[in-house]
1. So for region 725-732 (the condition being crowded, with 24+ Cβ neighbours inside 10 Å and either under 23 Å from Leu630 (Cβ atoms) or modelled with pLDDT under 95 (or both)), does at least one residue qualify?
2. Sort out which residues of region 742-764 are surrounded by fewer than 24 Cβ atoms within 10 Å (Cβ to Cβ) and of a type in the set (Gly, Ala, Ser), and write them in order of number.
3. Within region 585-607, which residues are over 26 Å from Lys541 (Cα atoms) and open to solvent by less than 30 Å² (accessible area, probe 1.4 Å)?
4. Among (1) among the aliphatic types (A, V, I, L, M); (2) touching a Ser or Thr at 6+ places or on another chain (Cβ under 8 Å); (3) open to solvent by 10 Å² or more (accessible area, probe 1.4 Å), there is one condition Val849 misses while meeting the rest; what is its number?
5. Among the residues of region 639-672, which ones are under 18 Å from the mean Cα position of the chain (by Cα) and open to solvent by 60 Å² or more (accessible area, probe 1.4 Å)?
6. Being out of contact with any helix residue (DSSP H, G or I) (no Cβ under 7 Å at 6 or more places or on another chain), modelled with pLDDT of 80 or more and not in a strand (DSSP E or B) is the filter here, so list the residues in region 306-355 that pass it.
7. Can you pull out every residue in region 825-846 that is in a helix (DSSP H, G or I), open to solvent by 40 Å² or more (accessible area, probe 1.4 Å) and among the acidic types (Asp, Glu)?
8. Limited to region 134-154, what total is found for residues that are open to solvent by 10 Å² or more (accessible area, probe 1.4 Å), within 20 Å of Tyr84 (Cα to Cα) and not aromatic (Phe, Trp, Tyr)?
Amino acid sequence: MTVPEASLPRGSVPVIWGDVPTRNKNFTGRDDILDLLREGVSSRVTAVLPESGPRSSASDAGNPIPQGVHGLGGVGKTAIAIEYAWRYRSDYDLVWWIAADQLPSVRGSLAELALRLNLEAAPAAGVDGLIAAVRDALRRGEPYSRWLIVFDNADQPEEIKDLIPTGPGDVLITSRNHRWESVIKTVPMDVFRPKESRDFLLRRVRKGLTEADADRLAKELGHLPLALEQAGAMLAETGMPADEYLRLLREQPVEIMNEGPPSGYPRSMTAAWKLSVDAVKRSRPQALEVLRCCAFFGPEPIPRDVFHRGAQETGTGTAVAEVLSDPIATANVMRELARYALITLDGNAVKVHRLIQALLRDELTAQQQAAYRHEAHLIMAAAVPDNPDDATTWVRFQGLLPHVNAEATELHLSRELEARDLARGLIRYLYQSGDYTSALTLTERFIEQWTADSGADDENVLRAQRHLGNIQRLMGRYPEAYKVTEEALARARVALGEDDPTTLSLRTGFGADLRANGRFAAARELDTESRTLLERKYGPKDGRTLRLLSSLALDHGLVNDYNTAQELYELAFKEMRRGASGATTLDVIGAWFGISWTLRLRGKFGDALDVAQDARDYGQSASGLGAEHLYTLRSVNAYLIACRRLPDKRLDALEESREALDLATRRHGESNPDTLAIAIGMSNLMRTTDVSYHEKALELADATAKRFAAVYGANHPYNYGCLTDLALLKRVTGDAATARQLDQEALQGLTAGLGQSHHYTLTAATNLASDLAALGQLEEARAIGEDTLQRLTTQLGPDHAHTLCCAANLALDMIALGDEEGGKELQGKTVRLFADTYGEDSPDYLVAVGGGRLDPDFDPPAI
């Protein structure tokens, strides 16, 4: 780790100080380790690991590699990291502590740091986007270049190595896992040296302990810091002489000695722990009950509020519940456990060392383990908030997450209804908060176990599969989502009935899967039936019904019924805004930008822009979802597409489009459907803004088209729509032959999938006519133009923008073929309709009156 430049100003405390545990007043020694951490000038990332050989050599300081502190549990890795953070805190503007036992905890903590850095104003921002934003801010050193990030107990390198930030600051990692040595630079750490052991005990036990006594105790305890802490607490709290403590260590029950110590630990560690446990059992038996229950949580801090809320609701009548239901008894128990160093109290959280947890579990019979584990499940289940859709409750979900996901908790093995409700609540929280990666992992784990235990038709399995389908769909995994939801829906209809809430939820999800599969008419048919079922089950103004109404609006729009689509969106939006419906902010914004979409496709460009701008502004506000949320990104894209119709807004929109594409790529990846929608929209915007952007627009469209085919499949209407956009750019950059080939492919595919008269099909036909005209094939261009104009007039009306676009182009082809009278007549009529409908300042009017060709393009609405 590097020493910050001496020229930089120093403050007494960092501006941001996040979750760093309380400093250990008895910290002793370890000066050599601390010196290594401070003097590692060739690297800014340090890991402390168990003693295993010589330290790795230095690497290039210009591209620093991670380093870390590692050692077996109880050796003091966390204590070193805590001491480092406190001792050198004035050298940093930002110090952030991350409990790194589990990937969801790491991701959640990094997302929280993004909020603390004001990289996102609202807590509902997607976790992936927040992580990308915070890593980017740390890399750039903005707003702080002097930062320290601590990953404590990071024992799975492959899980978090891609989350470790780079940049001008420092990273400290603690771990028991030697695999870090192949990834990062490491600092080895072992048990205390004899002098450090002696100094520690003399500091911990202020009275009655000589240096000789301390040396004997340290030797007997193998110089393991955790064992020394246990012994020191016992001697300090009871006043027990060292000789008596040593005698008790030797006289521990034979079975403890016979079982042997935990792997890699001195046998006396078990004995020292046993002495502390026995002392607590004598002084306050209820404390041992609570401690055993804590052994079935994770090793991360347990929020005290979890015990309080859980005890209020469980009503099990056990000794644990009895203690936790009484705040005075709880305080007494916690204080007693802390006296003997069996727990650590840090603010409003309780922490039990993983080794102590393991020892506690090992001393119990299988039946006892099951009982305490069940108690822990009930406490967590009772403490979980009721509504994971409510962003104000997410901090409580985050506090429970590492314990639900811990190995010792074994929540996935429980068949209790309360435990499964808890798991589904956590899954819903992760899904709603935007952490799709963690949600996917957790959901698949529970589905696999629940299916094995209860069968594929179990309601909990089917409800979890509903979440799984939604998660996969939002991640762009359309074939997987389709398969999961289709199979779950079929089983739910038989096992639960057609109007069961789980079946209804799966129906609405499968409607989205049909859309993702390009089966727009089938989606509308299913969602129309579902609307009837939902209204009968919940009423027409319930949030679930209104959410389906938005889906049905999208269905109508995708089959060219834009009037009905707008009516349904407006009805849903109006009722959602009432507040009593139970609709979420996501639902409201979804209907909001849906209205803009229908207005734009009806040719109401000014209204579409205004509505989209309102939706975008609300989404980006503190009371909305935040700039990086998926639905905010969709509203931004709707606004940018509407800006394309107004030349004076195009340059500003182009800059915002770049920002949106960068954000979407960082958050979701370059092949996510929403990223692709923004990318193809940006290529269209570049094409319409200025000819100087055409080459870059073509490059972007070409790359995006390849990804469309990979995500949606070659035969999806959206893929063909994207090909028409690429063809446009090919033609305007001089490659009309390739444009014709692409438009012919799109026209054939859209005709087969959607029919000859679908709006998307007619867009491809209009552009194909322009390709043919550019190649001198005017007769073919005119024939396609005449057929397309007739269909557009019937489908969208005579004064729709795309109808007039086709008419203006057809007029040019007629004139070029010698039919000047007919062409001029059609041209004049078209120009007048443009002026009357859209105004003489509209870009399409100006192109048409100037005798230029008009190019309709395609923008894919979110599935």
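1. yes
2. Matches in region 742-764: Gly749, Ala752, Gly753, Gly755, Ser757.
3. Leu601, Gly603, listed by residue number.
4. So the condition that Val849 fails would be (2).
5. If the condition is that a residue be under 18 Å from the mean Cα position of the chain (by Cα) and open to solvent by 60 Å² or more (accessible area, probe 1.4 Å), then Asp662, Arg666, Glu670 are the ones that fit.
6. Glu322, Asp326, Pro327, Ile328, Ala331, Asn332, Met334, Arg335, Ala338
7. Hits for region 825-846 are Glu825, Asp836.
8. 3
The values are calculated or read from the model by the stated rules, or taken from the named source; none is laboratory data. Computed from a predicted structure; not experimentally measured. Positions of Cβ are backbone-derived with ideal geometry, glycine not excepted, and every protein chain shown enters the neighbour counts. All accessible areas refer to the heavy atoms of the entire protein, side chains included, with ligands and DNA or RNA removed. Shrake-Rupley method; radii C 1.70, N 1.55, O 1.52, S 1.80 Å.
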